[in-house]
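One structure below.
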Amino acid sequence: MQNPNSETTLHFLDYVRILRIRWPFIVLVFITVVLTAAIVTYLTPKEYASTAKVEIRQGDFLMRIFSRGQDMSPSFGPQRGDPRFLTTQFEIIQTKEVLYPVIQQLNLVEKWAGEGVSNISEAYNYLRYKMQVRDLRNTDLIQITVFSTSPELAANIANAIADQYRKVRIQQVEEWVNRSLVNLQAEVEKQRAEVQRLRDRAAAIREKYGIIDLNPDQIVSAQQPANQVYLSIEETVTQERLRVASLRSRYQQLTTLSDQDILRSLATLQIDDPTLLKLFPQMQEVQAEEARLLNAGLGPNHPTIRSLRGARAEIQRQIDMQLSALRNTLASQLKIAEESLRGLENELQAAKAEHQGNKSATVEYIEAKAAYIQALQLLEAAEERLSSERMQLTMPQSPAIVWEQAEPSPYPARPRVLLNMSLGILLGLMLGIGTAFFMEYLDTSVKTLEEVENELGLPVLAVIPRNMKLLPKTRGLDVDSEAYRILRTNVEFNRKNPDANVFTIVSGGAGEGKSTTIANLAFTFAQGGYNTLIIDGDLRRPAQHKIFNIENDVGLADYLNEDRPLEEVIKHSNVHDNLYIMASGHQPSDVVALLSSQSMDALLSEVKKRFDVIFIDSPPILGVSDASVLSSLADLTIIVVQHRRFPRSMLVRVKNAILNVGGTILGVVLNNVDIRHDQTYEYYTNYYKYYSKPGRGSTTSKPSPARSSTISSQQTHPELVSRSKSQVNDFEY
């Protein structure tokens, strides 16, 4: 049964493989970023932080000022508990009105001249950059923190800012208090003038008609008992008028003021509605929580924010309903009071008509006296209000209190070494790993067998690990030879015609291990009992004579140009009895013409009769046309592809170059695979583990005896051509 998690496991192993392959680059990026963070941290000037704590109060005396309709300052406009209040104070602390005096007091322009500050405006901007203002949660305290390279200067600036802010607050409050007292005094003087006017009018009527009133400042007169009923009615009408006026005033206020203004002035408007008194604090708490979460970084569409907004909307709906009901109730009361007043006024008019005949003077006096007494009562109320306000407003007020003075810090606050290095380590790891995966994504080279087979449609004959040794130099007594024995076996099994014994091995570019692969594979064939010949067809950059340490004084080019004897250009390898080498010889002027000549065809026809296997080394097929000529002459072509070097598209070009000249491709050798990192190839190279098991035979066992290696023009090898594959396997481990 297939493991459902196999795909996930494969992906995880791929990630691990990428990390193992790219670990030097990851380490390099990591070290670079960490060193950069360390250097920046080291070079950053050390700054000391000093903090002053200030309590900000929004007193009830200010609420009374606002409730009387006085001009409100933007600084203290919000209701107590409004989260905008502290935010507003943060901005006030950083205004020029507060910071300019501090800059001038401490002469910061000169002190910061070495840091590029030349005027007070630049000093202001620099100071704002060097200071932080924040609140302490669930308190009315504000922290003013200043950073500076001098701990004493940081403390002095923080204390100066706190003190200047306190002075500005006190000055503003005093201005508002004085303005309020002036307005109240004007109201009292105006009412006093009105009382004097009404008193003079009542006295003139009294003098005109000779009315004797022992109590001119009281409603009831002992001299006029007959008018007590009328005066009683008039007093009732007056009281009702006052009540109607009060109701009308309240109703007008409720209809003209906004809902927010009404809520802020519940006490002033004498609205004792328990529902509103309960809902309004709830609204304030919801608004404060919403503002706090938004300031904490939550977005407007966060579920908690949306929930708070829903709660706020519900509370607002209830408040709106309650205010609407309150207005309706007050309107009904006003209507009833007005109707009652009209009834009393009608009654008063009737009483007045009854006594109009002989008491017109008394009525006139009573009206004047009533108006005077009413105005006098209003004056007394205004004077009492002025006295009370003067007493309360002139009491010492502390809108801002400095609770904690800033002190010089013994340790620097910036740069934060631990934080910077932690961020450097984290960023280095993230950047290194991310860049490694990005490089892997951009890398289009051959990485797996499947990529080779999918791109070319050809079998992979063998996987050659990295750092393979030259088998001719080790005499094949090494575990590395097993990879080439596997290649030899696959070559034998994949060629369909036993007579197809001329192989050329090509690659797309230089340095893919083509010449080494030919040398090791030919040596392995020789170990297997095959008479093997290596022809160095790379006439431009020959390599086989260097591998086998033989002279390159005569070779293929000399044979084709000068018609040298075959025995003269073929040399014994000195590493195995069955292995012979034909070096490249002297480099000709026209390599392609020489390789395309009839002599080359005749040479191959001759060596096919004398040797069991012939390998032709060729230059890169995409670099020069020599390899294409050799591919067309050889029976079979093997492509060597270096692992993780060239793009996959290059493989298709190599294949097409061979097919276009009529060559036959046997398969692909995937060379230079780092099996330590690319563990997907461990099953193709597990002979290392096999040979490392205790009790197994040594890899130094002697190969089978070599066949006769004498080269002569009369040699024929029909028995070698018909060698069965089972006989070849006798030499395999």
Next on the checklist: For Ala158, only one of the following conditions fails: (1) at positive phi; (2) buried (at least 21 other Cβ atoms within 10 Å of the Cβ). What is its number?
Outcome noted: (1)
Next on the checklist: If Arg201 meets every condition in (1) modelled with pLDDT of 90 or more; (2) surrounded by fewer than 18 Cβ atoms within 10 Å (Cβ to Cβ) apart from one, which number is that one?
Outcome noted: (1)
Next on the checklist: Residues that are buried (at least 18 other Cβ atoms within 10 Å of the Cβ) and in contact with a Leu (Cβ under 7 Å, 6 or more places away or on another chain), at least 3 per element: which helices (runs of 4 or more DSSP H) completely within segment 83-152 meet that?
Outcome noted: 120-130
Item to check | Looking only at segment 231-265, and only at residues there that are touching a helix residue (DSSP H, G or I) at 6+ places or on another chain (Cβ under 7 Å) and of a type in the set (S, T, N, Q), the one that is surrounded by the fewest Cβ atoms within 10 Å (Cβ to Cβ) | outcome: Thr255
Checklist outcome for this item: Within segment 528-573, the residues that are of a type in the set (Gly, Ala, Ser) and in contact (Cβ under 8 Å) with a residue 40 or more places away in the chain are Gly528, Gly529, Gly537, Ala543, Ser573
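A quick yes/no check of all residues on (1) more than 16 Å from Ala158 (Cβ to Cβ); (2) at pLDDT below 90; (3) under 37 Å from the mean Cα position of the chain (by Cα); (4) of a type outside the set (Gly, Ala, Ser):
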position	(1), (2), (3), (4)
Asp71	yes, yes, no, yes
Pro83	yes, yes, yes, yes
Thr87	yes, yes, yes, yes
Phe90	no, yes, yes, yes
Val98	no, no, yes, yes
Val109	yes, no, no, yes
Asn119	yes, no, no, yes
Item to check | Matching entry among Tyr559, Tyr530 (being of a type in the set (Phe, Trp, Tyr), buried (at least 20 other Cβ atoms within 10 Å of the Cβ) and in a loop (DSSP other than H, G, I, E, B)) | outcome: Tyr530
Checklist entry - Using beta carbons and a limit of 6 Å, which pairs, at least six apart or on different chains, have the first residue in segment 74-102 and under 16 Å from Glu289 (Cα atoms) and the second one in a loop (DSSP other than H, G, I, E, B) and modelled with pLDDT under 85? => result Arg80/Gln58; Arg84/Pro78; Phe85/Pro78
Checklist entry - Hey, any hits in segment 293-311 for a residue that's in the same structural domain as Asn346 (by TED's automatic domain parsing), assigned to a helix (DSSP H, G or I), of a type outside the set (Gly, Ala, Ser) and in contact with a Phe, Trp or Tyr (Cβ under 7 Å, 6 or more places away or on another chain)? => result no
Next on the checklist: Can you tell me which of (1) at pLDDT below 75; (2) in contact with a Pro (Cβ under 6 Å, 6 or more places away or on another chain) is the one Thr268 doesn't meet?
Outcome noted: (2)
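The values are calculated or read from the model by the stated rules, or taken from the named source; none is laboratory data. A quick note: this is a predicted structure, and the numbers were derived from the prediction, not measured. Positions of Cβ are generated from backbone atoms using ideal geometry, with glycine treated the same way; all protein chains shown enter the neighbour counts.
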